[in-house]
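A short reminder: the numbers here are calculations on the coordinates, not readings from a lab. Values in this document were obtained by computation on a predicted structure and should not be read as measured data. Please note: Cβ atoms are built from the backbone with ideal geometry, for glycine as well, and neighbour counts cover all protein chains shown.
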Amino acid sequence: MTLWIFQRLLQAALVALAMAALLFLALQLIGSPVETLLPAEATHEERLRLIRDLGLDQPLHIQFLMFLKGMVQGNLGVSYVFKEPAVALILSRLPATLELALFAVLLSLIIGLPLGLIAGRRPHSLTAQTIMTGSILGFSLPIFWVGILLIMIFSVWLGWLPSSGRGQTVMVLGVGWSFLTWDGLRHLILPAFSLSLFNISMVTRLTESGVREAMSSEYVKFARAKGLAPRRILTVHVLKNVMIPVVTVVGLDIGTTIAFSVVTETIFAWPGMGKIIIDSIAALDRPVIVAYLMLVVLMFVLINLVVDILYRLLDPRIRLQGE
Amino acid sequence: MTAPMLEIRNLRTEFATDAGRVTVIDEVSFTLNRGQVLGLVGESGSGKSVTGFSIMGLIDPPGQVSGGQILFKGEDLRTLPEPRMRALRGNRIAMIFQDPAMTLNPVLRIDTQMIETILAHEKVSKTVARDRARDALGMVGIPSPEERLRAYPHQFSGGMRQRVAIAIALLHRPDLIIADEPTTALDVTIQAQILAVVQRLARDHGTGLIWITHDLSVIAGLADRVAVMYAGRIVEHGDVDTVIRTPRHPYTHGLIGSLPSRNPRGQHLKQITGTTPAIAALPQGCAFRPRCARATEACLAAPPVTQTEGRLLRCFHPVTEGEAA
């Protein structure tokens, strides 16, 4: 297991390196940041100094090595707009996005799994068909529209839930968290739900098809022949098998959810990474964009690793020999 | 004379399909006493597995047991409410399935799958249940059962998995075990071992056994009585020696005649021409008629059951003793 984790870490490092190279090339295509940085009335000397300071006078491969060196040291430059180190800026917004994304994933499991179990157990019932039809809506409705609709219903008409911001936060480990206060939790519900709608549908459908397959399997028939109660069959025999694909897909989706919380954060004015990346793209704030992208890459790689490990815990068949 | 442990009377099971209700088994009747072994023989689709699942009460919609009685120790299982039926399943009546690779849950350890079976029917501590599970594994000949309890199904070979399934079936010393082709998916050597294990255990515990198979040679060495099924009906039913030595129904006769051991070396194997009819489109009268060399006009009517010398037969033109087998 240790050796296997080490190998996976090595793979992860290679993926990160490849992504860094791609990112560096993409940056060359955007063009020089010099024009954005210099005031219009700058002299030729000022321009040359800036180019030297940024290292843009060096050959490309040296620039790439400097870029890598900065990345390893956690130094990706200073934001042109905020005048703060870009990595620190992104990291300061990370908890808000993580909170939103993880809460959304949690919601998708809390809602999606039971719905899928109900639908899969009696696939021809009216309840099951309603759930399955509803899940198509969850797949196909655009997030921004759902978000606006939710704000209209629950904030404007009913006035039950706030429509923007994080509300009151509590400092834990030097970071502010919303979900620990009642007010913060109320702020979290609408954005998290609209972000999780797609995942709820996906988990529901995955669970449903998994349950249907498992229910007609020989091992479930054998479990029934053993005289087990239906409840135990569903929650132990079926659920544990169904969890394998669900964990894989949901795990991989945490990364996507974080990356695509951009839209939700914009609609609900949630002060996370997604909001800052949109602002930074508008302002061509290169260091921040780079920091954000590299962070997302690292997160994807790490989440993949965790999913692989979880997968092994769930499915004994893919554990290595001799463990 | 006491009532038999199991008595099936005119069992009928139907499946609802798009083309209407299809009768998969009909007029199935037999009895089984404690310690007796009944071989249920037939081709694929003859309804032998459906008979087994009907007794277990495990026919799922669109299927339905729609007629007859299943008297188990004098009580009709068809009238039992599901919770009471569930209390019998795995406890008094156990079942062994065909493919050992599919019957054990791949993601649960063997101890989990055994202990839950005990706890489903008895209030004992987990430690006691675990000890009993270990003993059951030892009884079916699994080496170092204590360690093997902690293993997952994929860590066992096919034969060992079937032994585990048999151990699970034996946990509560059932009165009846229904074995649905339990050796079909196994090597011949493993087959013989499994047969020996089951035969010994059934004899020691006085367990009644219904052994479903398409393999007549297995039945010859194992069963006391044999019932041959064709297209959902029992066509011949009697003592295993009598039926195999002197088959009377043309179908049984053909089955036995087609065994390789009955055919002279170097000649083409004898076979029954044609194929099993689709259960939804059975021929009128005797279902075997289109494949039968002895069929006449009379066979357009359903043949009645006749009883001679303890043998039940469903044929107008049975093979007589004098004819060559």
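Couplings 3J(HN,Hα) of the range B:100-109, computed from phi: x, 6, 9, 7, 8, 5, x, 9, 10, 5 Hz, in residue order, whole Hz [Karplus 6.51 cos²θ - 1.76 cosθ + 1.60, θ = phi - 60°; x for Gly and Pro].
Among the listed pairs B:Lys48/B:Lys73; A:Lys69/A:Lys275; B:Lys48/B:Lys126, a Cα-Cα separation exceeding 25 Å is found for A:Lys69/A:Lys275; B:Lys48/B:Lys126. Helices meeting the span-like rule in chain A (full DSSP H runs, Cα extent of at least 24 Å along the helix axis, mean Kyte-Doolittle score of 0.0 or higher): A:2-30, A:86-121, A:182-215, A:239-259, A:286-314. Using just the C-alpha positions of the range B:1-114 as equal point scatterers, what log10 of I(q)/I(0) does the Debye formula give at each q in 0.15 1/Å? Normalising to I(0) and taking log10 leaves -0.77.
What the Cβ-Cβ distance of A:Ala229 and A:Ala42 gives, at R0 = 60 Å and to the nearest 0.05, is a FRET efficiency of 0.15. The Rg/Rh ratio of the protein assembly as shown, with both radii computed over alpha carbons and Rh defined as the Kirkwood radius, is 1.15. Remark on B:Gly39: its backbone amide H falls under 5 Å from those of B:Trp211, B:Asp224, B:Arg225, B:Val226, B:Ala227, a criterion applied only to residues 5 or more positions apart or on other chains, H modelled at 1.01 Å from N. Remark: relative contact order (chain A) = 25 percent; criterion is Cα-Cα distance under 8 angstrom and separation of 6 or more residues.
If r is the Cβ-Cβ distance from B:Gln64 to B:Arg203 and R0 is 22 Å, what FRET efficiency results, to the nearest 0.05?
Once the sixth-power term is evaluated, E becomes 0.05.
Working from label points 7 Å from Cα in the Cα-to-Cβ sense, the A:Leu126 to B:Gln307 distance is 5.1 nm.
Available extension along the chain between A:Gln7 and A:Leu158 is 49.0 nm, counting 0.36 nm per residue and deducting the alpha carbon span.
For the range B:192-279, the alpha carbon convex hull comes to 120 Å³ per residue, rounded to a whole number. At a Cα cut-off below 17 Å, give the lysines reachable from B:Lys123, other chains included and same-chain residues fewer than 8 away excluded. Cross-link targets: A:Lys226.
Put a dot 7 Å past the Cα of A:Leu17, heading toward its Cβ, do the same for A:Leu313, and the two dots end up 3.1 nm apart.
Quotient of the Cα radius of gyration of the range A:32-73 and 2.2 N^0.38 Å, N being its number of residues: 1.32. The calculated FRET efficiency for A:Val249 paired with B:Asp239, based on their beta-carbon distance and R0 = 56 Å, is about 0.45. For the range B:201-243, the residues whose backbone nitrogen is under 14 Å from a point 7 Å from the Cα of B:Ser258, taken along Cα to Cβ, are B:214-217, B:229-231.
Charge dipole of the range A:32-73 (Cα centre as origin; +1 on each Lys and Arg Cβ, -1 on each Asp and Glu Cβ, all else neutral): 240 debye, rounded to the nearest 20. Given bins 5 angstrom wide, list per bin the percent of all Cα-Cα distances in the range B:127-181, short to long. Result returned by the calculation: 4, 20, 31, 25, 14, 7, 0. Taking Cα centroids, how far is the range A:1-63 from the range B:19-93 in Å? So the separation of the two Cα centres works out to 74 Å.
Evaluate the distance, in nm, between pseudo-label points positioned 7 Å from the Cα of B:Ser157 and of A:Gln168 along their respective Cα→Cβ axes. For the pair B:Ser157/A:Gln168, the computed spacing is 6.8 nm.
Comparing B:Asp180, B:Asp131, B:Asp215 in a Gaussian network model of chain B where C-alpha atoms under 10 Å apart are linked, the largest mean-square fluctuation is found at B:Asp131.
Work the Kirkwood hydrodynamic radius out for chain B: mean of 1/r over every pair of different alpha-carbon atoms, inverted, in Å.
20.9 Å is the Kirkwood radius here.
Near A:Trp270, the amide H atoms lying under 5 Å from its own belong to A:Gly165; only residues 5 or more places off or on other chains count, and H is placed 1.01 Å from N.
The value for the range A:1-63 of Rg(Cα) / (2.2 N^0.38 Å) is 1.73. Taken along its three principal axes, the alpha carbon spread of chain A comes to 86, 60, 35 Å, from the longest extent down to the shortest. When shorter helices are ignored and each DSSP H run of at least 4 residues is given -39500 (n - 2.57), the per-residue value for the protein assembly as shown at 222 nm works out to -16000 deg cm²/dmol.
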